[in-house]
Amino acid sequence: MENRDTKPRGGLPLALGAYLIWGILPLYLRQIHWVPPYEFIAWRIIWTLPLCLAAIVWRRQFPVLLAALRQPRNVGLLTLSALLIALNWTVYVIAIQSGHVFAASLGYYINPLVNVLAGTVLLGERLSRRQWLAVAIAAAGVALLAWDARDMLWISLTLAISFAGYGLVRKLVAVDSLPGLTIESLLLLVPAALTAWYFGQGPDGSAMLRGPVEALWIMAGGVVTAVPLLLFAAAARRMDYSSLGMVQFVAPTIVFLIGLFVYGEPLHPVQLACFVLIWCAIAVFVWDVLARRSARLSAEAPA
């Protein structure tokens, strides 16, 4: 496990940025609902790669990229992370386009609990009593939601486990966020290109050829994919995995609020109770973070 004292700081703003973008992602997905989900995932991968390569050139990281490609362990781990994130994208897009927004949101409410479990069991991270209290309160809220949406629970569990696995692998692989995402995109490029070609042979033709506006909407998928993933991967290398998981409650909460205030979806009593419990958990977790920071600053202050 990485030494906390040598771990680069500044992970919280990066994590918040990633989760804020993922929180408003359904607004974008509703705009491109006319694109078949598998074709959209293919174009999402295809348009992520040039964005990553341009950033590699700008940051002069080609030597880092080539060095990572020469290490079989890194390539193997990034192959696993690429498959996990591709599975996550596919299930999420299909869920949103099928009207299962609630089940998709629930997956990202469950995911922080999976992160905490992975952090404590696999990475040896330790939680304080207040943090365990926050986890217990959040688990109670998620249990309420899970019971209310048990018919679509497979969607939620797939999203939660696949993204937790992705974050864990990216935390363990010794590759920076940008070269790592570039390699993941390269590994997925061939199946993505074949999928896009397949849909282009269909009666409706390629979605990219419907018009310039439609093409721009699809190309934007590269931006909404690359930016939050780069932020998340960078945050994962700077934060305890348990803490990173608790911050993730931001994204599904935004999704729920969008459903409530933008799309007019009804808020059921079970959902309201879950919100109350989860925000109480977040408050306890933030309280613990602030208390630890205050204690550290006091200890570091000159006598």
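State all residues of the range 209-223 that are more than 11 Å from LEU51 (Cα to Cα) and among the hydrophobic types (A, V, I, L, M, F, W, C); if no residue qualifies, say none.
Initially, the range 209-223 is screened for residues more than 11 Å from LEU51 (Cα to Cα), giving 209-218.
Within the range 209-223, LEU209, VAL213, ALA215, LEU216, TRP217, ILE218 qualify.
How many of the residues in the range 237-274 are surrounded by fewer than 16 Cβ atoms within 10 Å (Cβ to Cβ), within 22 Å of ASN111 (Cα to Cα) and within 23 Å of the chain's Cα centre (by Cα)?
Here the count works out to 2.
Test each condition in (1) part of a helix (DSSP H, G or I); (2) surrounded by fewer than 20 Cβ atoms within 10 Å (Cβ to Cβ); (3) modelled with pLDDT under 85 for LEU83 and report the one that comes out false.
Among (1) part of a helix (DSSP H, G or I); (2) surrounded by fewer than 20 Cβ atoms within 10 Å (Cβ to Cβ); (3) modelled with pLDDT under 85, the lone unmet condition for LEU83 is (3).
Matching residues to (1) of a type in the set (A, V, I, L, M); (2) without any contact (Cβ under 8 Å) to a residue 40 or more places away in the chain; (3) closer than 27 Å to ILE24 by Cβ; (4) touching a Lys or Arg at 6+ places or on another chain (Cβ under 6 Å):
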| position | (1), (2), (3), (4) |
| --- | --- |
| LEU78 | yes, no, no, no |
| ASN88 | no, no, yes, no |
| ILE110 | yes, no, yes, no |
| GLU125 | no, no, no, no |
| ARG130 | no, no, no, no |
| ILE155 | yes, no, yes, no |
| LEU168 | yes, no, yes, no |
| LYS171 | no, no, yes, no |
| LEU181 | yes, no, yes, no |
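Let's see how each residue does on (1) surrounded by fewer than 23 Cβ atoms within 10 Å (Cβ to Cβ); (2) under 16 Å from the mean Cα position of the chain (by Cα); (3) among the aliphatic types (A, V, I, L, M):
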residue: GLY165; (1), (2), (3): yes, yes, no
residue: ARG170; (1), (2), (3): no, yes, no
residue: ASP176; (1), (2), (3): yes, no, no
residue: PRO203; (1), (2), (3): yes, no, no
residue: ARG210; (1), (2), (3): yes, no, no
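In the range 86-119, how many are in a helix (DSSP H, G or I) and either farther than 26 Å from ALA281 by Cα or β-branched (Val, Ile, Thr) (or both)?
So in the range 86-119, the residues in a helix (DSSP H, G or I) come out as 86-97, 101-119.
Going one step further and asking which of them are either farther than 26 Å from ALA281 by Cα or β-branched (Val, Ile, Thr) (or both), we end up with 86-87, 89-91, 93-97, 101, 110, 114, 116.
Matching residues across the range 86-119 total 14.
Quick test for you: out of TYR19, TYR28, pick the one residue that is of a type in the set (Ser, Thr, Tyr) and surrounded by 16 or more Cβ atoms within 10 Å (Cβ to Cβ). Even if it seems obvious, please write down each step before you answer.
Working: TYR28 fails: surrounded by 16 or more Cβ atoms within 10 Å (Cβ to Cβ).
Answer to the check: TYR19.
Does ILE258 count as touching a Gly at 6+ places or on another chain (Cβ under 8 Å) and not small (Gly, Ala, Ser)?
Details: touching a Gly at 6+ places or on another chain (Cβ under 8 Å): yes; not small (Gly, Ala, Ser): yes.
When the stated conditions are applied, ILE258 passes them.
Identify the residue in the range 1-16 that is aliphatic (A, V, I, L, M) and surrounded by fewer than 20 Cβ atoms within 10 Å (Cβ to Cβ) and, among all such residues, is modelled with the highest pLDDT. Give the steps one after another, and end with the answer.
So the first thing to find is which residues in the range 1-16 are aliphatic (A, V, I, L, M), and the list is 1, 12, 14-16.
From the residues that got through so far, the ones that are surrounded by fewer than 20 Cβ atoms within 10 Å (Cβ to Cβ) too are 1, 12, 16.
Numbers: MET1: 37, LEU12: 87, LEU16: 92.
Result: LEU16.
The values are calculated or read from the model by the stated rules, or taken from the named source; none is laboratory data. What you see is a predicted model, and the numbers here were worked out from it, not measured in a lab. With ideal geometry, Cβ positions are generated from the backbone for all residues, glycine too; neighbour counts draw on all protein chains shown.
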